[in-house]
Amino acid sequence: MKRAVFLDRDGVLNRAFEREGVPHPPASLAELEMLPGVVEACQALHAAGFLLVMTTNQPDVARGTQSRANVEAMNAAIARRLALDDVRVCYHTDGDGCDCRKPLPGMLRQAAADLGIDLQQSYMVGDRWRDVQAGATAGCKTVLIEYGYSGASQCVPDHRAASLREAAEWIVQQERKFQVSSF
């Protein structure tokens, strides 16, 4: 079985636009901006043997305020830049009742089934309580990138970090501890 790091998109890989304390995705490819250290963090995680799977809620498509083509163009650009192994997207709103919208673990479980991922040996990194809850429910270890968004107190991640680079350092360190203790 493979190990993976599941990565939320907006606020973890690329800059989110905060309005009234709530993060929002970029509106177009022109607004898409990778966060500092993300490329290096993804390289370090790949070098440690992890698959990288982006899992992102994009409800603006269902709401009609964003086109699916725009979201797919941004996802493709991110996947190319970071050499992601897979991209999973939920285009639904909470009211749609799907099992793929975080905080439900459907995207993670389906990716695990499709790619042969051991969820118990994997991590979920996100900037919202929804990401942490999805990861924990799926059986992953979780990391919250802290920006002080509302709802952060609703979750109990395994680790809190200031950036993906810091999260990746912690994950790699955890893996080294595991490898040493298993001998």
Got a sec to turn the phi values of segment 123-139 into Karplus ³J(HN,Hα) couplings, 6.51 cos²θ - 1.76 cosθ + 1.60 with θ = phi - 60°, whole Hz, x for Gly and Pro?
-> 10, 10, 10, x, 10, 10, 4, 4, 5, 5, 5, 4, x, 5, 5, 6, x
Taking H placed 1.01 Å from N in the peptide plane, check which residues at least 5 places from Arg88 or on another chain put their amide H under 5 Å from its amide H.
-> Met54, Thr55, Thr56
Pop out the ³J(HN,Hα) list for segment 82-96 in order, Karplus 6.51 cos²θ - 1.76 cosθ + 1.60 with θ = phi - 60°, rounded to Hz; leave Gly and Pro as x.
-> 9, 6, 5, 7, 6, 10, 10, 10, 9, 9, 8, 9, 4, x, 6
Under the helix-only model (-39500 (n - 2.57) for each DSSP H run of 4 or more, divided by the residues of the chain), the mean residue ellipticity at 222 nm, to 500 deg cm²/dmol, is -11000 deg cm²/dmol
Enumerate the amide H contacts of Phe17 below 5 Å, restricted to partners 5 or more residues apart or on another chain; note that Pro and chain-start residues carry no placed amide H.
-> His24
Total charge of the residues flanking Met74 in space, meaning their Cβ is under 14 Å from its Cβ, with Lys and Arg +1 and Asp and Glu -1, is -1
Note down, for segment 5-46, the three equivalent ellipsoid semi-axes (square root of 5 times each alpha carbon gyration tensor eigenvalue), biggest first, whole angstrom.
-> 21, 11, 8
Report the one residue of Ser28, Thr93, Gln43 whose Cα lies farthest in the direction of the positive end of the charge dipole of segment 4-181 (charges on C-beta: Lys and Arg +1, Asp and Glu -1; origin at the Cα centre).
-> Gln43
May I ask for the distance between the Cα centers of segment 84-118 and segment 44-63, given as a whole number of Å?
-> 10
Considering only DSSP beta bridges whose two residues both sit in segment 4-181, what percent are antiparallel, to the nearest 5?
-> 15
By per-residue mean of other Cβ atoms within 10 Å, what is the highest-first order of 86-96, 37-47, 116-126?
-> 116-126, 37-47, 86-96
Residue by residue through segment 62-74, which ³J(HN,Hα) values in whole Hz follow from phi under the Karplus form 6.51 cos²θ - 1.76 cosθ + 1.60 (θ = phi - 60°), with glycine and proline marked x?
-> 5, 6, x, 9, 8, 8, 4, 4, 4, 4, 5, 5, 5
Anisotropy class of segment 91-183 from Cα gyration tensor, a/c 1.5 cut | oblate
Using amide H atoms built 1.01 Å from N in the peptide plane, name the residues 5+ places from Leu51, or on other chains, whose amide H lies under 5 Å from its own.
-> Arg3, Ala4, Val5
Given Cβ charges of +1 for Lys and Arg and -1 for Asp and Glu, the option among Gln173, Ala16, Tyr149 whose Cα lies farthest towards the positive end of the dipole of segment 4-181 is Gln173
Starting from the coordinates of the alpha-carbon atoms of the chain, obtain the Kirkwood hydrodynamic radius over all distinct pairs and give the value in Å to one decimal.
-> 16.3
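With +1 assigned to the C-beta of every Lys and Arg and -1 to the C-beta of every Asp and Glu, and no other charges, what is the dipole magnitude of segment 4-181 about the Cα centre in debye, to the nearest 20? Intermediate values should be presented prior to the final figure.
On the way: 18 positive and 23 negative charges, 21 e Å.
The dipole magnitude comes to about 100 debye.
Where a number appears in this text, it was derived from the coordinates with a stated rule and is not lab data. Bear in mind the structure is a predicted one, so any value in this text is a computation, not a measurement. Positions of Cβ are backbone-derived with ideal geometry, glycine not excepted, and every protein chain shown enters the neighbour counts.
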